[in-house]
1. Going by amide H atoms built from the backbone, whose H comes under 5 Å of the H on PHE65, apart from near neighbours?
2. Assuming 0.36 nm per residue, please report the length gained on full extension of the stretch VAL96 to ASN74 beyond their Cα-Cα distance.
3. Evaluate the charge dipole of region 51-100 about its Cα centre and quote only its size in Debye, nearest 20, assuming +1 on the Cβ of each Lys and Arg and -1 on the Cβ of each Asp and Glu.
4. Considering only protein heavy atoms, what per residue accessible area in square angstrom results for the chain with a 1.4 angstrom probe?
5. Given Cα positions, please report Rg to Rh for region 102-219, the hydrodynamic radius being the Kirkwood one.
6. Below 26 Å, Cα to Cα, which lysines can LYS21 reach? Residues fewer than 8 away in the same chain don't count.
7. Please report the spacing between the Cα centers of region 39-98 and region 18-35 in Å, no decimals.
8. Could the peptides 183-192, 18-27 be put in order, highest first, of the mean number of other beta-carbon atoms found within 10 Å of their residues?
Amino acid sequence: MTQSLAQTTYEKMRSDIIFGKLAPASRLRMEELRARYGVSVPTLREALSRLASEGLAVAEDQRGFAVAPISEANLRELAALRSLIELHALERSFHVGDLEWKSRVVAAHHKLSRIEQRMIAGDACDRVEWKRYDSGFHHALIMGCGSAELLAVHGSVFDRYLRYQMVYLTFRGQIAADEHQALLEAALERDAVRGKEILVRHIEGGVEHALRAHAAQVA
């Protein structure tokens, strides 16, 4: 088992969990995983152990592993953690981000804005692509913070939060697009106070919208 193969398998499984290809709470049976990823059981176990340590998979005693379940309480907890970490990183980024950081923010927003406007217009868009651009913009906003440790912690929490967004796949339309535009303007003006206010409203609004949509689906 090479390290590169183990890493590649872990990354594929992680992406499949985050983007909903492996459903929440589903059993991760070794034979099915071997067929899906084309690797050995030891490689799969290494990947699953890493995913369990991140909270994306759970060990089931002697029964193996399952994808981590989802719940409203867990979503709210992750949203609160995301806010705590991202607000701090956002403020630092706005204060110390350089010209390259600004350029990345503008470029990331351009990609996100284009797909959002297509979705608002009613075009059939790839929802995975949309969430990748959404994630890319939010990561770009905080990339100027200058702390690799802070970004690593944020990335772990954000990806678990993103999994809920992929499961519920709700889009708030023009409201979300306007909030993203306002975040861009705040970043270019280095207005951390305004940026944090918008971000709090953005995260809270997204959570409530997703939960209402999910409740309507299961009603």
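The values are calculated or read from the model by the stated rules, or taken from the named source; none is laboratory data. No experiment lies behind these values; they were computed from the predicted model shown. Cβ placement follows ideal geometry from the backbone for every residue including glycine, while neighbour counts extend to all protein chains displayed. Side chains included, ligands, DNA and RNA excluded: accessible areas come from the protein's heavy atoms. Shrake-Rupley method; radii C 1.70, N 1.55, O 1.52, S 1.80 Å.
1. Close amide H contacts, sequence-distant or interchain: LEU28, GLU60.
2. Details: separation 22, 0.36 × 22 = 7.92 nm, distance 3.27 nm.
Full extension from VAL96 to ASN74 adds 4.6 nm.
3. Value, rounded to 20: 120 debye.
4. Numbers: 11010 Å² over 219 residues.
Accessible area per residue: 50 Å².
5. Details: Rg = 14.3 Å, Rh = 14.9 Å.
That ratio equals 0.96.
6. Cα-Cα hits under 26 Å: LYS12, LYS111, LYS131.
7. 16
8. On the way: 183-192: 17.5, 18-27: 15.7.
Descending packing order for the listed peptides: 183-192, 18-27.
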